[in-house]
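Following: one structure in structure tokens, then a few remarks.
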Amino acid sequence: MFTMLSGCAVQIGEGSVVHPDRAGEARPAGRIGDGGAADYKLAPVSLAADDGQLNGVHASAGNALTVLYFGGNGFHLDQHGDHVLAAVGPCRADVVMVDYRGYGRSTGVPTIAALKEDALREFDLVNAQAPGRVIVHGQSLGSFIAAYVAQQRPAVRGLVLESTTTNARDWANNMLPWYAWPFVRVELSEPLRGIDNVVAASGYAGPALVLEGSEDQVTPPRLARRVYDALPSTEKRMVMVPGAGHNGVLSSAAVRPAYCEFVRQLAAK
């Protein structure tokens, strides 16, 4: 949340970008696979956390590559997982999804530092099963996580950033109405000041695909373009989806050919 301080300052902490489930909060019924998981075989994934348990699913069809997917701050495996499988399935890639700490099937308290550490451990687990054959894909909040993993792990085969942006300050400024800009200053907590997707992207030289909606008001195209420009790879592509907003980009008809081509080219290497 944004907290207004005296002197027209807006204090932004981790709670502004990480929204775990509240105790007793009802969530939509259903489980991944209820909506049809194509030819996938679903198997549980579990990792111990220092304050709980991380739980997810490995959707396998025996494909050459595996997509390790990091969702946005509202992502729940059982609520949104089928949507991801429906979009990625035709591209012939297996998929691993793990709920963030404090979300869905996972327990514990999420912090930015914990989410980043968890993501590295999840990548290491998946990569141990398919060495050098893992694509990391992040949407919104997950794009920061995916870019961080790609920066830290040379074994990442490919990077997909969906509805991404540069850093917490730019995101917060974008959320303020234009008429408030001259009067309000944004103050970030220490954990948020350390997040910079441009820096993370510049540290990854492998193949990359950036997906963005032309009408995205949360992470606008001009900021996504800065992340794309920071990628040093010669094997990169940006797909701008006409009329799309912040969510729903992955399921767009304009995205599937580019996504499947990206996977096909990586599988052929």
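The values are calculated or read from the model by the stated rules, or taken from the named source; none is laboratory data. Owing to the predicted nature of the structure, the values given are computational and were not obtained by experimental measurement. Methodologically, a virtual Cβ is constructed for each residue, glycine included, from the backbone with ideal geometry; neighbour enumeration extends over all protein chains shown. Protein only, heavy atoms only, side chains kept; ligands, DNA and RNA dropped before computing areas. Shrake-Rupley method; radii C 1.70, N 1.55, O 1.52, S 1.80 Å.
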Dimensions (Å) - segment 40-268, Cα atoms, principal axes, largest first
55, 41, 31
Can you give the charge dipole size of segment 205-269 about its Cα centre, rounded to the nearest 20 debye, using +1 on the beta carbon of Lys and Arg and -1 on the beta carbon of Asp and Glu?
180 debye
Beyond 17 Å, how much of the Cα-Cα pair distribution for segment 21-90 remains, as a whole percent?
48 percent
Return the long-range amide H neighbours of residue 210 (sequence gap of 5 or more, or a different chain), with a cut-off of under 5 Å between placed amide H atoms.
161, 237, 238, 239
Which is farthest toward the positive dipole end of the chain among 69, 160, 267, measuring Cα position about the Cα centre, with Cβ charges +1 (Lys, Arg) and -1 (Asp, Glu)?
267
Taking a 1.4 Å probe, which of 196, 170 shows the most accessible area, and what order do the others take after it?
196, 170
Principal semi-axes in Å for segment 209-269 [√(5λ), Cα gyration tensor, largest first]:
21, 16, 7
So if I place +1 on the C-beta of Lys and Arg and -1 on the C-beta of Asp and Glu, and nothing else carries charge, what would the dipole magnitude of segment 40-268 be about its Cα centre? I want it in debye, nearest 20.
500 debye
Enter the angle in degrees (range 0 to 90, nearest 10) between the Cα long axis of helix 141-152 and the first principal axis of the Cα atoms of the chain, meaning the one along which they spread out most.
70 degrees
Go ahead and estimate [θ] at 222 nm for the chain from helices alone: -39,500 (n - 2.57) per DSSP H run with n ≥ 4, summed, over the residue count, rounded to 500.
-9000 deg cm²/dmol
Judged on accessible area alone, 1.4 Å probe, highest first, 260, 91 line up as 260, 91
Counting only DSSP beta bridges fully inside the chain, the antiparallel percentage to nearest 5 is 40 percent
Roughly how many nanometres apart are two label points built 7 Å out from the Cα toward the Cβ at residue 234 and residue 86?
4.0 nm
Given the options 63, 55, 167, state which has the largest fluctuation in a GNM of the chain using a 10 Å cut-off (strictly under) for Cα springs.
63
Just to confirm, what accessible area per residue do you get for the chain at 1.4 Å probe, in whole Å²?
44 Å²
Might you list the cysteines of the chain that have no disulfide-compatible partner by the rule of another cysteine's Cβ under 4.7 Å?
8
Quick tally, 1.4 Å probe accessible area for 58, 137, 19, sorted with the most first, runs 19, 58, 137
Across 21, 34, 124, the residue with the highest GNM fluctuation in the chain (Cα network, 10 Å cutoff) is 34
